[in-house]
């Protein structure tokens with residue numbers, strides 16, 4: 001039994017060393033790769049062709065020969081008529097898919113997608129952003145909203161579609177649009193600001209562990225994880241939150257002057273059917289229906305910036321998985 005215990009401890013130490021090596025190597029590679037620029041690329045998908053392929057495939061399976069022949073003839077005629085129109089004259093709709101996390105990390109891809117679109121789009125075109133986010137950091141979603149504003153500043157129509165949720169920072173981005181559409185039970189709103197933080201001061205005090213924090217400036221740090229929080233600290237954080245909320249309200253009002261800002265900026269959220277009554281959105285329709293309609297009038301392209309995972313990220317992921325396996329042995 002002692003042998004097995006010692007052998008188990010040996011394997012644990014060996015695994016720990018292996019993980020440390022992976023992390024060290026990953027760090028070195030990350031430092032080396034940092035100066036080599038972004039390795040992402042744009043992926044472009046023609047939605048019109050996708051719908052046509054789906055329709056042809058389904059028709060070939062459900063129609064009889066006579067009906068299929070008639071359908072194919074009609075489809076061919078429509079295709080010829082469409083080709084007669086110059087591609088420069090036809091409207092283009094560019095579709096972006098934004099799924100936001102608490103850090104708004106996908107804004108980095110959004111900015112690349114918008115930059116690419118603005119190189120060719122003009123005032124007859126449209127950008128549709130299918131947005132899904134429950135919010136997160138103010139600066140992250142503020143930057144996301146600024147990216148969408150670039151589209152409007154160029155005079156290009158901007159539509160935001162919400163199928164599931166656009167709350168807090170998500171709505172901060174959505175409200176920039178010329179038009180907001182949403183599914184009937186999509187969650188909309190939550191125009192408020194939240195800060196929450198655990199405090200371990202009493203636990204550390206109980207364990208006779210001192211915590212030292214040195215700052216220059218009265219409010220360099222307000223609430224803290226490990227130090228003793230005071231009423232003065234809490235009041236200052238509350239003041240900062242109120243100011244942020246005021247800026248949030250101003251931003252929404254500037255972009256959607258039709259809303260009663262005092263009524264909707266309470267931190268509450270509403271489903272789509274209620275949100276339209278409050279002027280938080282403009283139309284009840286899913287992104288699927290909107291795209292289907294758009295494809296009959298415009299060339300629709302889905303634009304996605306795909307970032308290639310760096311070797312360092314893969315190594316860190318491998319190390320984390322390895323550690324999880326050792327912990328769960």
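The values are calculated or read from the model by the stated rules, or taken from the named source; none is laboratory data. Keep in mind it's a predicted model, so treat the numbers as computed, not measured. Cβ atoms come from the backbone with ideal geometry, glycine included; neighbour counts cover every protein chain shown.
Restricting attention to region 115-166, the residues being part of a helix (DSSP H, G or I), out of contact with any helix residue (DSSP H, G or I) (no Cβ under 7 Å at 6 or more places or on another chain) and closer than 16 Å to residue 256 by Cβ number 2.
Sub-6 Å Cβ pairs linking a first residue in region 71-84 that is in the same structural domain as residue 55 (by TED's automatic domain parsing) to a second residue that is assigned to a helix (DSSP H, G or I) and modelled with pLDDT of 75 or more, at least 6 apart or interchain, are 71/59, ordered by first then second residue. Take the conditions (1) at pLDDT below 90; (2) closer than 26 Å to residue 142 by Cβ; residue 165 misses just one of them, which is (1). Within region 137-176, the set of residues being surrounded by fewer than 19 Cβ atoms within 10 Å (Cβ to Cβ) and on the phi > 0 side of the Ramachandran plot comprises just one member, 155. Evaluating residue 239 against the criteria (1) more than 30 Å from residue 121 (Cα to Cα); (2) surrounded by 13 or more Cβ atoms within 10 Å (Cβ to Cβ); (3) assigned by TED's automatic domain parsing to the domain that holds residue 294 leaves one unmet condition, (2). Residues considered: 120, 188, 180. Of these, the only one that is surrounded by fewer than 24 Cβ atoms within 10 Å (Cβ to Cβ), in contact with a strand residue (DSSP E or B) (Cβ under 9 Å, 6 or more places away or on another chain) and in the same structural domain as residue 100 (by TED's automatic domain parsing) is 120. Scanning region 245-255 for residues that are crowded, with 16+ Cβ neighbours inside 10 Å and in contact with a helix residue (DSSP H, G or I) (Cβ under 9 Å, 6 or more places away or on another chain) yields 248, 249, 251, 252, 253, 255. Screening region 167-283 for helices (runs of 4 or more DSSP H) wholly inside it with 3 or more residues that are in contact (Cβ under 8 Å) with a residue 12 or more places away in the chain returns the ranges 169-174, 231-255, 261-264, 272-275. Of all residues assigned to region 79-89, none qualifies as being in a loop (DSSP other than H, G, I, E, B), modelled with pLDDT under 95 and within 30 Å of residue 141 (Cα to Cα).
Checked against (1) modelled with pLDDT of 65 or more; (2) under 36 Å from the mean Cα position of the chain (by Cα), residue 36 passes all but condition (1).
Selection within region 126-144: residues that are in contact with a strand residue (DSSP E or B) (Cβ under 8 Å, 6 or more places away or on another chain) and touching a residue at least 60 places away in the same chain (Cβ under 8 Å). The member of this set that is farthest from residue 189 (Cα to Cα) is 126.
Here residue 319 meets the list (1) modelled with pLDDT of 95 or more; (2) farther than 27 Å from residue 139 by Cα; (3) part of a helix (DSSP H, G or I) almost entirely, failing just condition (1). Tell me, please, whether a residue that is touching a strand residue (DSSP E or B) at 6+ places or on another chain (Cβ under 7 Å), surrounded by 13 or more Cβ atoms within 10 Å (Cβ to Cβ), within 23 Å of residue 163 (Cα to Cα) and at pLDDT 95 or above can be found in region 256-267. The answer is yes, given that some residue of region 256-267 is touching a strand residue (DSSP E or B) at 6+ places or on another chain (Cβ under 7 Å), surrounded by 13 or more Cβ atoms within 10 Å (Cβ to Cβ), within 23 Å of residue 163 (Cα to Cα) and at pLDDT 95 or above. So, of the residues in region 61-77 that are within 23 Å of residue 300 (Cβ to Cβ) and surrounded by 11 or more Cβ atoms within 10 Å (Cβ to Cβ), which turns out to be modelled with the lowest pLDDT? Across region 61-77, the extreme among qualifying residues is 75.
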